[in-house]
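Asks: Okay, here's the structure, questions in a sec.
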Amino acid sequence: MTDTLFDRRGILIAGLGSAALLSGCASSVTRTTWPDITFQHRPAIGLRVSEVQFDEAAAVATVEPPARDIRYALPVSPVITMDRWAHERLEPFGGTGRARVILMENHFVEVPLDTTSGVEGVFNIDQSERYEGALAVKVEIVGDPAGAGFVEARASASRTVPENYSLNQREETLYEMMAGIVTALDERLEQEIRANLAKWLLVG
C-alpha cells in the first residue's frame, strides 16, 4: 500500500470517469472528443434473413475489489459500438428467419497496481493501473423453418498506464484498447459466420 502523502493514484482514478477538474488544480482540463468506432469501411455481410436484431444480454462477471468496473467511464460505449457492428456489418436480404446479435460479455475493469511508497516513490514513475477488457458476441439465426445456427467469438486485451498519465492519456489508452478488441472481434466473427452460417450467406 502506498503512503498517503505520496499516493497520486487516487486523484488520477477519480479523474477517469469525470469531466470535472482534478481536485486542487486551478486551470480547466480540455477533454478530447473521441470518434465513434464504426464499420462502414468494411463490406457488409449479406444474410438471407428478414432482419438483424441486437440484444444487450451481457453476462457481466462480478468485479472483485480492488478492481473497478469502468464500462461506463470508457471514451466510447461498448454496447453502442456492438449495436453499430450488428447493423453495419450484417445486412438482411430477406428470408423467414432473423439474425440476433447478442452481447454475451461486456467486461472492462481498472486494477490498481502496487507503486513505490515513501520518499523513493516521489522519484519513481510506476505503472499504477492495469486496464482489462473483453467482449464476447453470439450471432444466431432463429425463426427459420429450414433450421437454426449460431456462432460465437470473444476478444480481450489489457494495458497498463504510468501514474503520471493525464486523464486524456488514460482515455487514449482505453480508446486504443477498445478499438483493438473490436477489430479482433469483428475479424473472428466474420470468419465464424462464413464458416458456420454459410447456409444463410448471400452469394453473388
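The values are calculated or read from the model by the stated rules, or taken from the named source; none is laboratory data. Just so it is clear, the model here is predicted, and its values are computed rather than measured. Neighbour counts are summed over all protein chains in view; Cβ atoms, including those assigned to glycine, are modelled from backbone coordinates with ideal geometry.
Asks: Taking the stretch 98-143 as the region of interest, how many residues are in a loop (DSSP other than H, G, I, E, B), among the charged types (D, E, K, R) and either crowded, with 18+ Cβ neighbours inside 10 Å or free of Cβ contacts under 8 Å to residues at least 60 places away in the same chain (or both)? Reasoning before the result, please.
Replies: Taking the stretch 98-143 as the starting set, the residues that turn out to be in a loop (DSSP other than H, G, I, E, B) are 113-117, 124-126, 143.
From the residues that got through so far, the ones that are among the charged types (D, E, K, R) too are 114, 126.
Pick out the ones that are also either crowded, with 18+ Cβ neighbours inside 10 Å or free of Cβ contacts under 8 Å to residues at least 60 places away in the same chain (or both) and you get 126.
Of the residues in the stretch 98-143, 1 are in a loop (DSSP other than H, G, I, E, B), among the charged types (D, E, K, R) and either crowded, with 18+ Cβ neighbours inside 10 Å or free of Cβ contacts under 8 Å to residues at least 60 places away in the same chain (or both).
Asks: A follow-up question, please. Testing residue 33 on (1) of a type in the set (Val, Ile, Thr); (2) modelled with pLDDT of 60 or more; (3) in contact with a Leu (Cβ under 8 Å, 6 or more places away or on another chain); (4) farther than 24 Å from residue 184 by Cβ, one condition comes back false. Which one is that?
Replies: Here residue 33 meets the rest and fails (3).
Asks: How do the pairs read when you match residues in the stretch 156-184 that are crowded, with 16+ Cβ neighbours inside 10 Å and among the small types (Gly, Ala, Ser) with residues anywhere that are assigned to a helix (DSSP H, G or I) and at pLDDT 95 or above, using Cβ under 6 Å and keeping only pairs 6 or more apart or on different chains?
Replies: 157/177; 157/180; 157/181
Asks: Condition test on residue 194, is it modelled with pLDDT of 95 or more, within 26 Å of residue 51 (Cα to Cα), assigned to a helix (DSSP H, G or I) and of a type in the set (Lys, Arg)? Reasoning before the result, please.
Replies: Numbers: modelled with pLDDT of 95 or more: yes; within 26 Å of residue 51 (Cα to Cα): yes; assigned to a helix (DSSP H, G or I): yes; of a type in the set (Lys, Arg): yes.
It is true that residue 194 is modelled with pLDDT of 95 or more, within 26 Å of residue 51 (Cα to Cα), assigned to a helix (DSSP H, G or I) and of a type in the set (Lys, Arg).
Asks: For the stretch 69-94, which residues satisfy the criterion of being touching a residue at least 40 places away in the same chain (Cβ under 8 Å) and either of a type in the set (Asp, Glu) or touching a Gly at 6+ places or on another chain (Cβ under 9 Å) (or both)? Don't jump to the end; show me each part of the working.
Replies: Step one: of the stretch 69-94, the residues touching a residue at least 40 places away in the same chain (Cβ under 8 Å) are 69-70, 72-76, 78, 80-82, 84-85, 88-94.
Listed by number, the residues that qualify are 69, 70, 72, 73, 74, 78, 88, 90, 91, 92, 93.
Asks: I would also like to ask the following. Go through (1) assigned to a loop (DSSP other than H, G, I, E, B); (2) in contact with a helix residue (DSSP H, G or I) (Cβ under 8 Å, 6 or more places away or on another chain); (3) closer than 19 Å to residue 191 by Cα for residue 85 and report which single condition fails.
Replies: Result: residue 85 passes all but (1).
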